[in-house]
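For reference, the structure is listed below as structure tokens.
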Amino acid sequence: MEVKLPELAEGVEKATVTFWPKKAGDAVKQGEDLVEMATDKAVFYVPSPCAGTLKQILKNEGDEVKVGENLAVIE
Amino acid sequence: MIFTQPKPFEEVLKALEPYKKIFIVGCGECATVFKTGGEEQIAEIRSKLEAAGKTITGAVVVESPCHSAKLKLAVAKNMAAYSAAEVIVVAGCGLGTQSVQENDRSGRRAFGVNNTLGLSRVDAMNRAVECCLGCGDCVINLSAGLCPVTLCPKGLLNGPCGGYSKEGKCEVDREMDCAWVAIYKRMSKDNNFQYLKEFQKAKDHRVDKRPHKPVEIK
């Protein structure tokens, strides 16, 4: 399953990956903090949409991501 | 703005004695204005540290290192150099230094190169003028826009002490204007002496209990 950057606050269209608490191959639970991201106003976590294994990280720390873009793949 | 001045460099070097690899964080807001943490100062700090035998893994001027989101954004974009350091040197105020340390996931220490002197405005002659102590119980709406708590060395709330000179100078420092003379002159401009006509009770320092609890910004 692809994990996308969800809709953010009104007028905010992108965010930057600041930290991956998990690495590829790690097990993740549904709702668990998957990736820390930041805009110039706030820091937030994107939760894992399902349980499984974090198969692939598609955006590295420091990468800017647009709303709807893929962040990772969970198997 | 938060007014800062550089610490003696020997003091900084002593604190950094056990460490070799350093990442430097500057401040793009107040410390840039006060020339204690902008691009130029970071370059200067870098060359001084290198001359002292330190290895600088990288440096970045963060828009506001005291703001976690802005700090994390800048760090994420410099992650390799940031991660390679043993400690972080912060050219900002005490807020910036503590913010960097609080936000460091590996628990590294952050060292400040500046002393934080307080809240200042920058006047038309480009001077840092201290005008607020952040006491938590502001009276300037009553005192003609001038803060007696800050501008009077005695923090008097009910007019001047008996020590001001005929020229309106403060007895604590004869080169300094008496805050209450200045407040009176300002009140005279619109003939509003409301504050002086009412007795001001001693400030309730209970409202200024430090540290203030974190407040959610909504």
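Every number in this text was worked out from the coordinates using simple rules, so none of it is lab data. Remember, it's a predicted structure, so these values are computed and weren't measured experimentally. Glycine also receives a Cβ, built like all others from the backbone with ideal geometry; neighbour counts cover every protein chain displayed.
Using alpha carbons only, the radius of gyration of the range B:133-188 set against its Kirkwood radius gives Rg/Rh = 0.95. Spread over its residues, the convex hull of the C-alpha atoms of the range B:36-89 is 78 Å³ per residue. Using the empirical formula 2.2 N^0.38 Å as the baseline, the Cα radius of gyration of the range B:38-132 reaches a ratio of 1.16.
Is the shape of the range A:20-64 best called rounded, prolate or oblate, per the rule: a/c under 1.5 gives rounded, else a/b larger than b/c gives prolate, else oblate, with a ≥ b ≥ c the square roots of the Cα gyration tensor eigenvalues? The shape class here is oblate. Computed 3J(HN,Hα) for the range A:6-18, one whole-Hz value per residue from the Karplus formula 6.51 cos²θ - 1.76 cosθ + 1.60 where θ = phi - 60°, is x, 4, 10, 5, 4, x, 9, 10, 8, 8, 10, 6, 10, glycine and proline marked x.
In straight-distance terms, cross-link reach from B:Lys201 covers every one of the lysines whose alpha-carbon lies under 24 Å from its own, apart from those fewer than eight places away in the same chain; here that gives B:Lys154, B:Lys185, B:Lys209.
Among A:Lys66/B:Lys213; B:Lys14/B:Lys70; A:Lys59/B:Lys70; B:Lys21/B:Lys77; A:Lys66/B:Lys72, which pairs are too far apart, with a Cα-Cα distance over 27 Å? The pairs that break the limit, which is 27 Å between Cα atoms, are A:Lys66/B:Lys213; B:Lys14/B:Lys70. Remark: A:Glu10, B:Glu171 ranked as A:Glu10, B:Glu171, counting other beta-carbon atoms within 10 Å and listing the fewest first.
Report the far tail of the P(r) of the protein assembly as shown, meaning the percent of Cα-Cα pairs longer than 26 Å. Result for the distance tail: 59 percent. Only helices enter the 222 nm calculation for chain B: every DSSP H run of n ≥ 4 contributes -39,500 (n - 2.57), and dividing by all residues gives -8000 deg cm²/dmol, rounded to 500. I need the calculated FRET efficiency for the pair A:Glu13 and B:Ser165, taking r as the beta carbon distance and R₀ as 45 Å, to the nearest 0.05. With a Förster radius of 45 Å, E is 0.15.
Once the gyration tensor of the Cα atoms in the range B:98-218 is diagonalised, the equivalent ellipsoid follows with semi-axes of 34, 19, 14 Å, ordered largest first.
Here the range B:150-211 is assigned +1 on the Cβ of each Lys and Arg and -1 on the Cβ of each Asp and Glu. Its dipole about the Cα centre then comes out at about 220 debye. Once Rg and the Kirkwood radius are both taken over the C-alpha atoms of chain B, their ratio Rg/Rh works out to 1.09.
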